[in-house]
Amino acid sequence: MTALRDRVTCRGCGKEVVSKGEERPLNCPYCGHRFFIVEWDTKEEVEALANLSKVTQTIQEGNAFFGQGKFEQAIKCFDQAISMGATDYVPWQNKGSALAQLDRANEAMTCYDKAIAISVASSGKPDVDTLCMKAGVFQMQHKTAEALACFKQARALDPANARVKMLGDAFYLIEALETGGSEKPKRRLGLFRR
């Protein structure tokens, strides 16, 4: 059974306000600040929300380390988020990217595969950005056929995706080379456009 919280702290003045069972919105009698009463079903939901906030914060810390080039620290943050029960593919994807930056391709691939599995389980399809990242690692390993297969899957899912567009010209050239050069490219490689 859902119950309204009976006491809340006003963000405007910091004083405790009694809701008296009122529906939303509520005006603070001390400062007039208007806010909404949040409904909670169980203590477990409140704890789950607090944990989600900690997981999100940990992922953001990992992203900050990644941006600073501190990939080992970033990996530790992503591992911590995963161990805290992150249910999203993002910490796996980000950990894979940090591992790829450290030239730990096999470990990166394992993370990308886990991210893709979580994405498929939650949305019914693989995450396009993760597929592109996986294609990039395959290319680093000189596994052109596997890279191209990942890219083609990503392009089929979302041809308008920014990462797909960015990789498109490079993979178009690879695709042209795969045909033995028998087909003339219909457009120039984007890197050489003026």
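Read-outs throughout are calculated quantities, based only on the coordinates presented, and are distinct from any laboratory measurement. Since this is a predicted model, take the numbers as computed values, not measurements. A quick note on method: Cβ atoms are made from the backbone with ideal geometry, for glycine too, and the neighbour counts reach across all protein chains shown.
Brief remarks on what is shown
- Net +/- balance of residues flanking Gln68 in space, Cβ distance below 15 Å, scoring K and R +1, D and E -1: 0
- Taking other residues whose beta carbon is less than 12 angstrom from the beta carbon of Ile82, and scoring Lys, Arg as +1 and Asp, Glu as -1, yields +1.
- Region 156-161 - phi-based ³J(HN,Hα) in whole Hz, Karplus 6.51/-1.76/1.60, Gly and Pro as x: 5, 6, 7, x, 8, 4
- For the residue pairs Lys95/Lys134; Lys95/Lys152; Lys114/Lys134; Lys54/Lys76; Lys70/Lys165, the alpha carbons lie more than 20 Å apart in Lys95/Lys152; Lys70/Lys165.
- Each of the peptides 108-121, 151-164 was scored by the mean count of other Cβ atoms within 10 Å over its residues; in descending order, highest first, they stand as 108-121, 151-164.
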